[in-house]
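Have a look at the structure below, then the notes.
Bear in mind that the values in this text are calculations on the coordinates, not laboratory data. For clarity, every value in this text was computed on a predicted model and none was experimentally measured. Every residue, glycine among them, receives a Cβ derived from its backbone with ideal geometry; neighbour counts consider all protein chains shown.
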Amino acid sequence: MESIAWMAWTLPTAVFFVLLASTLGVMTWLAAAYPEAERVGVLRIPTTRGDRLFVSL
């Protein structure tokens, strides 16, 4: 357990993970409520909403 002793759950860390979890929850809800079509971007690669979220993170 000493190898992870440096991990401190501070308020900013908790806020980050809460925002990340809520973003994933909203993305899951959007995928179920509004099925999406793939989009083709500047590089002409078809992407989905989840792909764009992953790249933006």
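Quick notes on this one:
- Estimated [θ] at 222 nm from DSSP helical runs (n ≥ 4, -39500 (n - 2.57)) normalised by residues in the chain, nearest 500: -18000 deg cm²/dmol
- Range in the chain, longest, excluding exposed chymotrypsin sites (Phe, Trp or Tyr not before Pro) [loop by DSSP; at most 16 other beta-carbon atoms within 10 Å]: 10-57
- Counting charges near Glu38 (Lys, Arg +1; Asp, Glu -1) among other residues having Cβ under 15 Å from its Cβ returns a value of +2.
- Folded to 0 to 90 degrees: helix 11-33 orientation relative to the chain principal axis, Cα: 30 degrees
- Max mean-square fluctuation residue, GNM over the chain, Cα-Cα springs under 10 Å, options Val26, Val18, Val42: Val42
- Checking (i) 1.18; (ii) 1.10; (iii) 1.01 against Rg/Rh (Cα atoms, Kirkwood Rh) calculated from these atoms, the matching label is (i).
- Label separation (Val18 vs Leu43): 3.5 nm, computed from points 7 Å beyond Cα along the C-beta direction.
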